[in-house]
Amino acid sequence: MRLVHLSDLHLGYRQYQRLTPTGINQREADVARSFQRAVDQIIALRPDLILVAGDVFHTSRPTNTAILHAFRQFLRIRSELPQTTVVIAAGNHDTPRTTESGNIMGLFEQIGIRVAASEAKLFRIPEHDLSVLAVPDVPGPPPQFSPDPASRRNVLLIHADVDDVVPRYYAELDRATVKVSRSDLGVTKWSYVALGQYHVHRRVAENAFYSGSLDYANLNVWFEKSEEADLGLKGKGFVEFDLDSGKHTFHPLAHSRDFLDLKPINAREMSPADVDAAIRKAVDKVKGGIEDKVVRLVVRDIPRQVARELDHRALRDYKRRALHFHLDARKPEATRRSAAGAALRRPSVNDVVREQLTSRAIPADLDRDRLVELGMKYLEQADAFPAPAVLADVES
């Protein structure tokens, strides 16, 4: 028996100011197209069970356009795969903030989709001798994660942060209501555990996975790109899992938009003309050009006076050509002076953290080298977050 597991569709997500010819936010159209492509692939796979682990919509009050697109695509699945069971557990973005607000997720029940929107529900599928415990991301204590003894196969579908899997800085960026640990899930009790909330495809156990989102619909795409590179992923997609053999397959999706994080430039001791030339060289090296792409270029150690003298006409042209071009200009680290008046560089965050991890007392059973390695890795990942706009005139 084969299942497909997807999550974090975020239909209705909007970013940047570019519109399509029909007046829809370009990124909203991209995200909708990614879901449609996923549905195309899922229909071709013809699985026995489809699991959607939350955040179908980016907001609990989606636009009519987002609702209509979701309804049409799920209706395609029900029409093309009438024998396939579809189960959805609502995510934190799907859930209204107040009980007075209606929940749009009930709409899908009208076409035969099983939905857990406001509380955990157990869905029995007798033709496959299988039960699905669907746990939405809603306030209140989570249910007991107990398999159905009446079924041979049991699946847990849940939208939540697994606190020893999801990086803390990511969890703080987009907070889930339900937070659990691996031990809370009890993965060995289940035939499969389908997780949603974390936008990067991630293995939690042999039979438990975050499928990741279908597109980049997060406040910090560069962190996700960094995580995907570390894990050897080629981008977004969904999971196929065979409950009989235990075989896991990640199906990548053709990306709807190129997101390019160009090689950073160190502007220390460079003139404005030198920085302009380095920026131009970086842009010109982009294969196929920057047209309609989302591009970030970090320029480190650039003093304010140098940034003010950059070729702003060229920067405006880059922004016109790309869907979004972000010159992430970062000022030099502060310096202090010794008693003799000599300028000294203030230790960087990396320097301080490495020194502290190397020198501080730790339990004897901890591997200090591994501790330092992990600490520096987390700092590198945190560096994927955009810096505050310290040079506002560069961004104008």
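Looking at Arg202, Arg168, Arg175, can you tell me which residue is open to solvent by 30 Å² or more (accessible area, probe 1.4 Å) and touching a residue at least 60 places away in the same chain (Cβ under 8 Å)?
Only one candidate qualifies: Arg175.
Restricted to the range 112-132, and to residues that are hydrophobic (A, V, I, L, M, F, W, C) and under 15 Å from Leu243 (Cβ atoms), which residue is surrounded by the most Cβ atoms within 10 Å (Cβ to Cβ)? Selected residue: Val132. Being open to solvent by 50 Å² or more (accessible area, probe 1.4 Å) and under 23 Å from Lys236 (Cα atoms) is the filter here, so list the residues in the range 20-30 that pass it. Within the range 20-30, just Ile24 meets the criteria.
One line per residue, one yes/no per condition, for (1) in contact with a Ser or Thr (Cβ under 9 Å, 6 or more places away or on another chain); (2) assigned to a loop (DSSP other than H, G, I, E, B):
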{"residue": "Ala254", "(1), (2)": "yes, yes"}
{"residue": "Leu260", "(1), (2)": "no, no"}
{"residue": "Lys263", "(1), (2)": "no, no"}
{"residue": "Met270", "(1), (2)": "no, yes"}
{"residue": "Lys281", "(1), (2)": "no, no"}
{"residue": "Gln305", "(1), (2)": "no, no"}
{"residue": "Arg320", "(1), (2)": "no, no"}
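Identify, please: which residue in the range 64-92 is in contact with a Lys or Arg (Cβ under 8 Å, 6 or more places away or on another chain) and not aliphatic (A, V, I, L, M) and is, among those, surrounded by the most Cβ atoms within 10 Å (Cβ to Cβ)? By that ranking, first place goes to Asn92. Looking across Arg316, Arg336, Arg330, one residue alone is modelled with pLDDT under 95 and open to solvent by 60 Å² or more (accessible area, probe 1.4 Å). It is Arg336. The residue that is nearest to His312 (Cα to Cα), counting only those in the range 267-283 that are surrounded by fewer than 13 Cβ atoms within 10 Å (Cβ to Cβ) and at pLDDT 95 or above, is Ala273. Selection of the range 180-199 for residues being buried (at least 24 other Cβ atoms within 10 Å of the Cβ) and not in a loop (DSSP other than H, G, I, E, B) yields Tyr192, Val193, Ala194, Leu195, Gly196. Within the range 3-24, residues that are free of Cβ contacts under 8 Å to residues at least 40 places away in the same chain reach partners that are outside any loop (DSSP other than H, G, I, E, B) and open to solvent by 20 Å² or more (accessible area, probe 1.4 Å) with beta carbons closer than 7 Å, at six or more positions or on different chains, in the pairs Leu19/Gln26; Thr20/Gln26; Thr20/Ala29. Within the range 287-303, the set of residues being open to solvent by less than 30 Å² (accessible area, probe 1.4 Å), out of contact with any helix residue (DSSP H, G or I) (no Cβ under 6 Å at 6 or more places or on another chain) and in a loop (DSSP other than H, G, I, E, B) comprises Gly289, Lys293, Asp301, Ile302. Against the list (1) within 23 Å of the chain's Cα centre (by Cα); (2) closer than 18 Å to Trp190 by Cβ; (3) surrounded by fewer than 16 Cβ atoms within 10 Å (Cβ to Cβ), the condition Pro136 fails is (3). Just name the residue that is surrounded by the most Cβ atoms within 10 Å (Cβ to Cβ) out of those in the range 31-63 that are in a loop (DSSP other than H, G, I, E, B) and free of Cβ contacts under 8 Å to residues at least 60 places away in the same chain. The selected residue is Val56. When Tyr216, Tyr210, Tyr192 are checked against the criterion of being under 25 Å from Ala38 (Cβ atoms) and in contact with a Gly (Cβ under 8 Å, 6 or more places away or on another chain), Tyr210 stands alone in meeting it.
Pairing each residue of the range 243-264 that is touching a residue at least 24 places away in the same chain (Cβ under 8 Å) and open to solvent by less than 40 Å² (accessible area, probe 1.4 Å) with any residue that is in a loop (DSSP other than H, G, I, E, B) and of a type in the set (A, V, I, L, M), provided the two are 6+ apart or on different chains, yields C-beta distances under 7 Å for Leu243/Met1; Leu253/Leu214; Arg257/Leu323.
The values are calculated or read from the model by the stated rules, or taken from the named source; none is laboratory data. Every value quoted in this text rests on a predicted model; they were computed, and no experiment measured them. Please note: Cβ atoms are built from the backbone with ideal geometry, for glycine as well, and neighbour counts cover all protein chains shown. Just the protein is used for accessible areas: all its heavy atoms, side chains included, with ligands, DNA and RNA removed. Shrake-Rupley method; radii C 1.70, N 1.55, O 1.52, S 1.80 Å.
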